[in-house]
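Q: Quick one: the structure is below, questions incoming.
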Amino acid sequence: MVANDSPSWLVLDGYEDEPAAFGVPPYVGFHIRYVCGVLEQHKIEYTYKTIDQWRLLAEHEREQILRDLEGFVCIAGAVVPGRYIRGTPISQRESTELIRSLPRDIPALFGGWAVRGWKQQGWMPLRSNLFLAVQDTDATLNGFLNTGSWKHERRTSDQWTTWAHYGAQSKAVLQHPDLGTEEKSGPLTYEVEVYQGCVRFKRGCKFCIEPKKGVPIWRTPEDIIREVQLAHDAGVQHVRLGGMTDTYTYMAEGVKELEYPIPNPEPIAKLLHGLREDERLKILHTDNGNPSIIAENIEPSTEITKTLVETLSDGAVLSFGLESADPNVHAANWLNCDANQLKSALRLINQFGRERGERGLPKLLPGLNFIAGLNGERSETYSMNLNLLHELRKEGLLLRRINIRQVEGEGFQEIPETEFKKFKSAVRDEIDSPLLQDLFPLGHVLKDVHWETHDGRTRLPVHLTEEHIGEQVHGRAGLTFGRQIGAYPILVGVPYHIPLESSSDIMITGHGARSITGVEIGLDINTASGKQLEAIPGIGKKAAWNLVSARAKLKRKEEKPSIESIFQAAKVHLEPSILSVFGDK
Ligand code: SF4
């Protein structure tokens, strides 16, 4: 339903998605919240819609919203809109169409990294009173509301706090489709901005935009904790600390003078423990780490690692940007982490982080990023990368994820296709696959998997209907996919239907290339369907059918036959591992 008869603004969340700024559902990004924060501060009526909600509106509903519109703001922050499970970022084509459909002359503002990228590539939609922000969209909007004219603007640190706090209780949170209700909470994860910039601002990695932001600007622990408290008041339960190019250099010492600033354990501990003091906080994850800074400052980094392990939820990932193991590439691109530094940092994180936590995941693990297409790259680069990965495996070091990104365009060089393809498939077969089995061993239990889609890996509008979320679908034929809440969760597939937007615990029964299969634990032998029984290792299709028919016969005599009697009547051997699925240890 659309109820919008009085004039107001429309805030369209086209989603942002950067390594340090997650904003595709179930995440709610910080830039869209700051925009809403500005409107809240100015006491301006507005409607918040995600781009996925907008796409689903009927023509007349859109027209109704547009008819009374006083102004329009959109954040488009996913430079290459990829495939996501829960949402699809706005594309350039959609943005152009939207601009055409807006009422004449109302102010319209587009911001976000995608808009900057499109603009550089020549995107110039023609319309009066349209402004494409290349600095801070929120500050630009604030300037317009104050003066009536458009100008690129940056927010001050006071404005940062004000809009972050207003934004925490804005419609971007309260009306976000993933917030859920008091009775049934959703998977909404609140991305909070901790700081801006990178300590390598003077001579940073050549391909990176962060150094352009200048000396890093930190928000204080108190300011962030207050923002998150406000978000909790609005119903938020899960938080990721984003906007950190390196978790270890938050408020570090010697940022202006040193190549490797000295991590400061106190402020990050204050922030993390302060956030944990609020019992409403459930999942807490963090952002990237810089392995060279960790390696060059082992003592304070050890202290910070211990704090992270103590306060974060299990499954936390620190993404390390190595980018390349080739010294040639390092020199040509001003990278600052070599293989030895990387190994020291990986050892430290593994030492404290590999122990498993409540949800069945290692508490804190590193991720590793490679970039293909950097200057100085040659065919040997890929064998160096692969050798390094083999060395890490040999040492038994765990990595949660290896991300290989391909960059193209100005400032990058052509990628040697054959070597690159060989590298990617060797990583998949020789490194990723055994790692997945170490991290997610067969028979291991993972808790609180949130179910998101049926029969495919993309959530469709129909998945939100009773036909897919109702309890009656449980056990029906088909596939269900879901993930645990938090950063970089593994995709879990189950070979029968489970009501979507619900959660359950699973036992791991198999491995895919980048996913695992499982079966729910705690199944009831008296209600489990044939498909559910078949999903349990040790029970094949025929045995499942025998169990269902034996159960039907026994049920004529007693209401709830025991698991033993059903298995005996069906002549199926009751292994201890099968018992554990039924929660009957
Ligand atoms: S260390 Fe990371 S954030 Fe800093 S310049 Fe290099 S890639 Fe960018």
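Q: Considering I262, I225, which residue is at pLDDT 95 or above and under 30 Å from G360 (Cβ atoms)?
A: Details: I262 fails: under 30 Å from G360 (Cβ atoms).
Every option except I225 fails the conditions.
Q: May I ask you to say which residue of A513, A528, A487 is out of contact with any strand residue (DSSP E or B) (no Cβ under 8 Å at 6 or more places or on another chain) and either closer than 18 Å to P441 by Cα or in contact (Cβ under 8 Å) with a residue 60 or more places away in the chain (or both)? Spell out the reasoning first.
A: Numbers: A528 fails: either closer than 18 Å to P441 by Cα or in contact (Cβ under 8 Å) with a residue 60 or more places away in the chain (or both); A487 fails: out of contact with any strand residue (DSSP E or B) (no Cβ under 8 Å at 6 or more places or on another chain).
The conditions single out A513.
Q: Going residue by residue through the range 212-233, is there one that turns out to be away from the ligand (no atom under 16 Å from the Cβ), open to solvent by 10 Å² or more (accessible area, probe 1.4 Å) and in a loop (DSSP other than H, G, I, E, B)?
A: Among the residues of the range 212-233, at least one is away from the ligand (no atom under 16 Å from the Cβ), open to solvent by 10 Å² or more (accessible area, probe 1.4 Å) and in a loop (DSSP other than H, G, I, E, B), which makes the answer yes.
Q: Let me ask you something else. Here are D287, D278, D314: which of them is within 16 Å of the ligand (Cβ to nearest atom) and either in a loop (DSSP other than H, G, I, E, B) or open to solvent by 10 Å² or more (accessible area, probe 1.4 Å) (or both)?
A: On the way: D278 fails: within 16 Å of the ligand (Cβ to nearest atom); D314 fails: within 16 Å of the ligand (Cβ to nearest atom).
Sole residue among the options that is within 16 Å of the ligand (Cβ to nearest atom) and either in a loop (DSSP other than H, G, I, E, B) or open to solvent by 10 Å² or more (accessible area, probe 1.4 Å) (or both): D287.
Q: Restricting attention to the range 183-211, and to residues there that are within 16 Å of the ligand (Cβ to nearest atom) and among the β-branched types (V, I, T), which single residue is surrounded by the fewest Cβ atoms within 10 Å (Cβ to Cβ)?
A: Checking each candidate, the answer is I209.
Q: Continuing with the same structure: Considering only residues of the range 349-362 that are closer than 17 Å to T286 by Cα and not charged (D, E, K, R), which is nearest to the ligand (Cβ to nearest atom)?
A: In this case the residue turns out to be I349.
Q: Out of the range 418-466, which residues are part of a strand (DSSP E or B), of a type outside the set (V, I, T) and in contact (Cβ under 8 Å) with a residue 60 or more places away in the chain? Walk me through it before giving the result.
A: Let us first name the residues in the range 418-466 that are part of a strand (DSSP E or B), namely 445-454.
Then drop every residue that is not of a type outside the set (V, I, T), which leaves 446-448, 450-452, 454.
Result: L446, K447, D448, H450, E452.
Q: Give me a count of the residues in the range 154-205 that are more than 30 Å from L322 (Cα to Cα) and part of a strand (DSSP E or B). Full working, then the answer.
A: Initially, the range 154-205 is screened for residues more than 30 Å from L322 (Cα to Cα), giving 154-188.
Restricting the remaining residues to those that are part of a strand (DSSP E or B) gives 180, 185.
Looking only at that region, the number is 2.
Q: Mind listing just one residue for me: the one in the range 491-507 that is in a loop (DSSP other than H, G, I, E, B) and open to solvent by less than 10 Å² (accessible area, probe 1.4 Å) and, of those, farthest from K184 (Cα to Cα)?
A: Initial filter on the range 491-507 (in a loop (DSSP other than H, G, I, E, B)): 495-502.
From what is left, the residues that are open to solvent by less than 10 Å² (accessible area, probe 1.4 Å) are 496, 498-500.
On the way: Y496: 23, I498: 16, P499: 13, L500: 12 Å.
Ranking the candidates gives Y496 first.
Q: Residue by residue through the range 50-82, note down the ones that are open to solvent by 60 Å² or more (accessible area, probe 1.4 Å) and either within 25 Å of the chain's Cα centre (by Cα) or over 28 Å from Q159 (Cβ atoms) (or both). Working first, answer last.
A: Going through the range 50-82, the residues open to solvent by 60 Å² or more (accessible area, probe 1.4 Å) turn out to be 55-56, 59-60, 62-63, 67, 70, 79-80.
Within the range 50-82, R55, L56, E59, H60, R62, E63, R67, V79, V80 meet the criteria.
Q: Which one of E257, E296 is acidic (D, E) and more than 16 Å from the ligand (Cβ to nearest atom)? Give the derivation first.
A: Values: E296 fails: more than 16 Å from the ligand (Cβ to nearest atom).
Every option except E257 fails the conditions.
Q: Moving on to the next point. So if I check each of L308, L342, which one is over 27 Å from I225 (Cβ atoms), open to solvent by less than 20 Å² (accessible area, probe 1.4 Å) and modelled with pLDDT of 95 or more? Talk me through it step by step, then tell me what you get.
A: Numbers: L308 fails: over 27 Å from I225 (Cβ atoms).
Every option except L342 fails the conditions.
Q: Then there's this: How many residues are out of contact with any Lys or Arg (no Cβ under 8 Å at 6 or more places or on another chain), in contact (Cβ under 8 Å) with a residue 60 or more places away in the chain and of a type in the set (V, I, T) if we restrict to the range 194-219?
A: Summing the residues that are out of contact with any Lys or Arg (no Cβ under 8 Å at 6 or more places or on another chain), in contact (Cβ under 8 Å) with a residue 60 or more places away in the chain and of a type in the set (V, I, T) in the range 194-219 gives 2.
Q: What is the one condition in (1) of a type in the set (S, T, Y); (2) crowded, with 24+ Cβ neighbours inside 10 Å; (3) in contact with a strand residue (DSSP E or B) (Cβ under 8 Å, 6 or more places away or on another chain) that T47 does not satisfy?
A: Tallying (1) of a type in the set (S, T, Y); (2) crowded, with 24+ Cβ neighbours inside 10 Å; (3) in contact with a strand residue (DSSP E or B) (Cβ under 8 Å, 6 or more places away or on another chain), T47 fails exactly one: (2).
Here is a yes/no grid of residues against (1) under 23 Å from T458 (Cβ atoms); (2) open to solvent by 20 Å² or more (accessible area, probe 1.4 Å):
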position	(1), (2)
G482	yes, no
T509	no, yes
R514	yes, yes
K531	yes, yes
P537	no, yes
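Q: Need the failing condition index for E520 against (1) open to solvent by less than 40 Å² (accessible area, probe 1.4 Å); (2) touching an Asp or Glu at 6+ places or on another chain (Cβ under 8 Å); (3) at pLDDT below 95, just the number.
A: If we test E520 against (1) open to solvent by less than 40 Å² (accessible area, probe 1.4 Å); (2) touching an Asp or Glu at 6+ places or on another chain (Cβ under 8 Å); (3) at pLDDT below 95, just (3) comes out false.
Q: Name the residue, out of L308, L322, L346, L365, that is more than 16 Å from the ligand (Cβ to nearest atom), within 23 Å of the chain's Cα centre (by Cα), in contact (Cβ under 8 Å) with a residue 12 or more places away in the chain and assigned to a strand (DSSP E or B). Before you say what the answer is, go through the steps one by one.
A: Values: L308 fails: assigned to a strand (DSSP E or B); L322 fails: more than 16 Å from the ligand (Cβ to nearest atom); L346 fails: assigned to a strand (DSSP E or B).
None of the other options fit; the residue is L365.
Q: Working only within the range 363-392, note down all residues that are open to solvent by 30 Å² or more (accessible area, probe 1.4 Å) and either closer than 19 Å to A295 by Cα or among the small types (G, A, S) (or both).
A: Result: N369, S379, S383, E391.
Q: Right, here's the next one. Just to be sure I understand, how many residues within the range 5-43 are open to solvent by 30 Å² or more (accessible area, probe 1.4 Å) and either in contact with a Gly (Cβ under 8 Å, 6 or more places away or on another chain) or part of a strand (DSSP E or B) (or both)? Quick ask: steps written out before the conclusion?
A: Of the range 5-43, the ones open to solvent by 30 Å² or more (accessible area, probe 1.4 Å) are 5-7, 17-19, 31, 40-43.
From what's left, either in contact with a Gly (Cβ under 8 Å, 6 or more places away or on another chain) or part of a strand (DSSP E or B) (or both): 17-18, 31, 40.
Matching residues across the range 5-43 total 4.
The values are calculated or read from the model by the stated rules, or taken from the named source; none is laboratory data. Keep in mind it's a predicted model, so treat the numbers as computed, not measured. Backbone-built Cβ (ideal geometry, glycine too); neighbour counts: all protein chains shown. The area values use the complete protein model at the heavy-atom level, side chains included, leaving out ligands, DNA and RNA. Shrake-Rupley method; radii C 1.70, N 1.55, O 1.52, S 1.80 Å.
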